[in-house]
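Student: Sending over a structure as structure tokens; questions will come in a sec.
The values are calculated or read from the model by the stated rules, or taken from the named source; none is laboratory data. Computed from a prediction, not measured in an experiment: that's the story for all the values here. With ideal geometry, Cβ positions are generated from the backbone for all residues, glycine too; neighbour counts draw on all protein chains shown.
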């Protein structure tokens with residue numbers, strides 16, 4: 001079984017496309033969300049197969065989230081490059097409101113399987129890369145459970161594949177910040193155990209200190 005965790009919020013979540021390189025760190029709210037996700041997995045752990053590893057995208061927001069989850073589970077983090085977010089090429093770091101006005105944005109929404117970010121990765125290539133990584137982790141830890149910390153679109157692609165959905169429909173799947181989903185892989189095929197458990201909103205005054213904003 002692969003437990004899929006999206007990273008917590010950063011200063012740019014929902015505002016910009018992923019930046020090139022490691023990208024921004026979690027905010028205080030993002031760290032609180034990651035802690036809530038960790039506590040949820042710990043509470044669910046007795047009903048899981050033996051949970052023996054935590055893997056993470058190399059991007060900073062995912063690595064920080066994975067560190068919080070792994071700390072709660074008493075495990076270490078292994079970086080898995082193919083869990084990284086989509087390479088958005090020339091659009092990296094772009095304002096989502098401005099990008100949504102581009103004619104090409106309709107292809108991102110309606111026909112992602114045929115879209116390549118200018119100077120970057122195809123959505124189909126991202127899907128294939130992440131699916132290969134997740135299925136590989138499931139095979140490597142057959143009969144056990146692992147946590148894989150990644151990003152919204154990669155996790156949507158994994159869930160859509162497990163549900164038998166075409167990639168062009170994957171934006172119908174919601175994957176919120178610090179949400180927890182799980183897919184069981186067996187010889188009969190994948191089964192979505194649950195999707196998009198999300199931490200409750202952080203009450204005012206309970207947020208941790210804000211992380212520094214990315215300089216890139």
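Student: Which members of region 25-40 meet the condition of being touching a helix residue (DSSP H, G or I) at 6+ places or on another chain (Cβ under 7 Å), within 15 Å of residue 70 (Cα to Cα) and crowded, with 22+ Cβ neighbours inside 10 Å?
Tutor: 31, 34, 37, 38, listed by residue number.
Student: So which of 70, 63 is out of contact with any helix residue (DSSP H, G or I) (no Cβ under 6 Å at 6 or more places or on another chain), farther than 30 Å from residue 115 by Cβ and part of a helix (DSSP H, G or I)? Don't jump to the end; show me each part of the working.
Tutor: On the way: 63 fails: farther than 30 Å from residue 115 by Cβ.
Answer to the selection: 70.
Student: Kindly list, by first and then second residue, each pair from a residue in region 162-176 that is on the phi < 0 side of the Ramachandran plot to a residue that is assigned to a loop (DSSP other than H, G, I, E, B), limited to pairs with Cβ atoms under 7 Å and residues at least 6 apart or on different chains.
Tutor: Close Cβ pairs (under 7 Å, with a partner that is assigned to a loop (DSSP other than H, G, I, E, B)) amount to 168/111; 176/198.
Student: Check off (1) in a strand (DSSP E or B); (2) free of Cβ contacts under 8 Å to residues at least 24 places away in the same chain for residue 55 and give me the number that stays unchecked.
Tutor: All conditions pass for residue 55, except number (2).
Student: Kindly check whether there is at least one residue in region 4-18 that is surrounded by fewer than 19 Cβ atoms within 10 Å (Cβ to Cβ), within 13 Å of the chain's Cα centre (by Cα), touching a residue at least 12 places away in the same chain (Cβ under 8 Å) and over 24 Å from residue 192 (Cβ atoms).
Tutor: Looking for residues that are surrounded by fewer than 19 Cβ atoms within 10 Å (Cβ to Cβ), within 13 Å of the chain's Cα centre (by Cα), touching a residue at least 12 places away in the same chain (Cβ under 8 Å) and over 24 Å from residue 192 (Cβ atoms), one finds none in region 4-18, hence no.
Student: Follow-up question, since we're still on this one. Do we have any residue at all in region 170-181 that's buried (at least 22 other Cβ atoms within 10 Å of the Cβ), in a strand (DSSP E or B) and modelled with pLDDT of 95 or more?
Tutor: yes
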